[in-house]
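See below for the structure under consideration.
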Amino acid sequence: MSDMSPFDHRQDAELGRALRAALSAPDDAAFVQRVVTAVDRVYGNAEPGQWWSVLTAWARPSLVAAMLVVAAAAFWLGLWVGARSPGSSLATIADPLQTESEHLSVPALLVEDRAPTVDVVLAVALGR
Amino acid sequence: MPPPMRKDHMQDAELAVLAQAGDREAFGELVRRYAGQARRIARTILGDPEDADDAAQDGFLAALRHIGRFDPTRPFGPWLLKIVANAAADRRRRRRVRQAEPLAPYLATTGDSPDRAADLSGLGAALRAALAELPERQRAALVLFDSEGYSHREIGEILGIPEGTVRSDVFHARRTLREKLGTWEEWRKED
């Protein structure tokens, strides 16, 4: 250590040199190589900031997300069109059954001589 | 068209901006420039050189992960060393939790065993022994100030303490080192 006072607010060059010598580990080059290798291992060989590597990294999740969005949009569009159209498929199926169920009821089915057909049972169920 | 500037001629801020854009070579140049400082700071905190290298590497990887947060108008060194110091402190905390590893032999230096006499064969060993007896924050402040040349304000940023505390830490660390090394000098003369 030099003769500088501990109160001195300037750097003590002699102490600094001694500290560097005491704390420096050998072979900085090997350490740098080790860090660079670790960076490659963690982040892969592609340059993380290059546009193609960014696109590559996002391609698969983006495709999946786009497919989900398209599927959801198609589903909701189908519902919307179906709800607005008077001759929609839902109405076509339900209407005849609905009409038939107006004349039928569970007690009526129970006193029938013949077993009811599936259509009749379905019509009663929908009517309720 | 002028040839591209060599990375080893670039300023830290230029390299950091390139690294932010994904230039791995630019980050490698920053690692080359700060490897020594990062290893010394980690060793100051941890003592054991192998642990210190692991912590310094963790620090560099964390710095790359967060390079987007670095403000290129500010100096790169304090920003990086803060991350390295945190990585070393984390590693030391984990080591304390494990409580299985003793302090590195050349830093655990109380008593006058024959091993110690052999260990204190040079100023470097004596310095390391004296440093080991300082509180961690004083140790780090002293090394950052006298060895690495950072200002009190920058050290305050690195260690997350007020500038006045840094001044006080450096003062106390120097005074303790002076006492310890004085004793060692006398002991060596008698030997």
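So the values come out like this:
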item: Averaged over B:40-53, number of beta-carbon atoms from partner chains that fall within 10 Å; result: 2
item: Average partner coverage of A:25-38, which counts Cβ from other chains inside 10 Å; result: 6
item: Cα pair distances of the stretch B:1-41 binned at 5 Å [whole percent]; result: 6, 24, 29, 20, 14, 4, 2, 1, 0
item: Highest average packing first - B:157-168, B:38-49, Cβ atoms within 10 Å; result: B:38-49, B:157-168
item: Protection proxy ranking of B:144-150, A:38-44, B:130-136 - average other beta-carbon atoms within 10 Å, highest first; result: B:144-150, B:130-136, A:38-44
item: Average other protein chain Cβ within 10 Å of Cβ, residues B:124-130; result: 3
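Just so you know, all these numbers are worked out from the coordinates, no wet-lab data involved. As the structure is a computational prediction, the values presented were derived from the model and not from experiment. Note that we place each Cβ from the backbone using ideal geometry, even for glycine, and neighbour counts take in every protein chain shown.
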